[in-house]
1. Can you sort Asp7, Asp65, Asp84 by how many other beta carbons sit within 10 Å, fewest first?
2. Among all the lysines, which ones have a C-alpha under 26 Å from Lys47's C-alpha, if same-chain residues fewer than 8 places away are not counted?
3. Please compute the length gained on full extension between Glu113 and Asp7, using 0.36 nm multiplied by the number of residues separating them and subtracting their Cα-Cα distance.
Amino acid sequence: MKLLMIDRDKIKVEGYRLRFKSGRMDIGEMVKSIKIHGLLCPIVVSKKGDHFKLIAGERRLAAMDQLGWKKIPAIEKESEGGADILIMGLVENIVRLNLSPLERAMAMQEIIENYRYTQEQLAEELGGYFVDSPRQQTGGESLP
């Protein structure tokens, strides 16, 4: 794992994206936060030929684009491609509670169907992050 400053034109957003609701991509607050506090967490990329593939941080990258950043702080993770990239992005978003249960389920189904993972293999890869807490399942309301 390396921390790099990458030319923006070398970063590609390609393939399956975890977020599918356009409202989830509203970046106005993130732009404001980056202007005030700077970027607190670099994006995560993987080297793919002559460019880098975005693994996690699509909203952060969009905010930096809007701010006109030419060099992007990024953590480079080594990857063989395929399922491990999806799993890394899924774990980051689940840990940060940025995915709805439906988005999590769709991402997991993508990995199971396209990369021939069993549910057990995927659960092991996710390290328990796929399980909702009772609070998440009720939308934050208290249970009786």
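Quick note: the coordinates plus some simple rules give every number you see, no bench work behind them. Everything quoted here is computed from the prediction, not taken from an experiment. Here the Cβ positions follow ideal geometry from the backbone for every residue, glycine too, while neighbour counts run over all protein chains shown.
1. Working: Asp7 11, Asp65 14, Asp84 17.
If I rank by nearby Cβ atoms, fewest first, I get Asp7, Asp65, Asp84.
2. Straight-distance partners of Lys47: Lys2, Lys10, Lys12, Lys70, Lys71, Lys77.
3. Details: separation 106, 0.36 × 106 = 38.16 nm, distance 3.43 nm.
Between Glu113 and Asp7, full extension yields an extra 34.7 nm.
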